[in-house]
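Chemist: There's a structure below that I have some questions on.
The values are calculated or read from the model by the stated rules, or taken from the named source; none is laboratory data. No experiment lies behind these values; they were computed from the predicted model shown. Backbone-built Cβ (ideal geometry, glycine too); neighbour counts: all protein chains shown.
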Amino acid sequence: MRFLEDQQWIFQIVFLVSVAVVLAFLMVYRFTTRTPLEAERARAHIMLQRLYETEQAYFKEFGTYLSIDRENHGELLQLNNAPGRFRYRVEAGPASFVAVAEADLDSNGKAEVWQVDHRSPEPVLKQQD
């Protein structure tokens, strides 16, 4: 009789460990994969950070910031064929700049807007889509 009790106890332990392993795998998968919208936002963050770095380098060399949009220097930074749905522009003055990324991710007519400025390279959400 004792043998059957030990066998049931071992089965329960193996079952619980198996469930825990499956749950851990699902959690790792969920937190390491991105949805297409998350990937778009991550791409926009990286692009805005690169625009910040470009503006800072230009300012160090020439003492002013450079306005950038699709028509003005867009080919130089390959903004005209940048991957993704966000569109980028930089509005610059002699002592400051604002880089903006805009996209209508859910096609409701309202754009999601992220921006960085001369004070911080970290993108800030200005308008939720």
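Chemist: If you go through region 100-129, how many residues are touching a strand residue (DSSP E or B) at 6+ places or on another chain (Cβ under 8 Å) and exposed (fewer than 15 other Cβ atoms within 10 Å of the Cβ)? Steps first, please.
Modeler: Just the residues of region 100-129 that are touching a strand residue (DSSP E or B) at 6+ places or on another chain (Cβ under 8 Å), to begin with: 100-105, 110-118, 122-129.
Next, from what is left, pick out any that are exposed (fewer than 15 other Cβ atoms within 10 Å of the Cβ): 104, 110, 122, 124-128.
Adding up the residues that qualify gives 8.
Chemist: Another one. Filter region 20-35 down to residues that are surrounded by 10 or more Cβ atoms within 10 Å (Cβ to Cβ) and of a type outside the set (G, A, S) and give me whichever is modelled with the lowest pLDDT.
Modeler: First, pick out the residues of region 20-35 that are surrounded by 10 or more Cβ atoms within 10 Å (Cβ to Cβ): 20-28, 34.
Then keep just the ones that are of a type outside the set (G, A, S); that gives 21-23, 25-28, 34.
Values: V21: 87, V22: 87, L23: 89, F25: 82, L26: 81, M27: 82, V28: 81, R34: 73.
For region 20-35, the residue satisfying everything is R34.
Chemist: State whether one or more residues within region 46-53 are of a type in the set (D, E, K, R) and modelled with pLDDT under 85.
Modeler: Within region 46-53 (the criterion being of a type in the set (D, E, K, R) and modelled with pLDDT under 85), the answer is no, since none of the residues qualifies.
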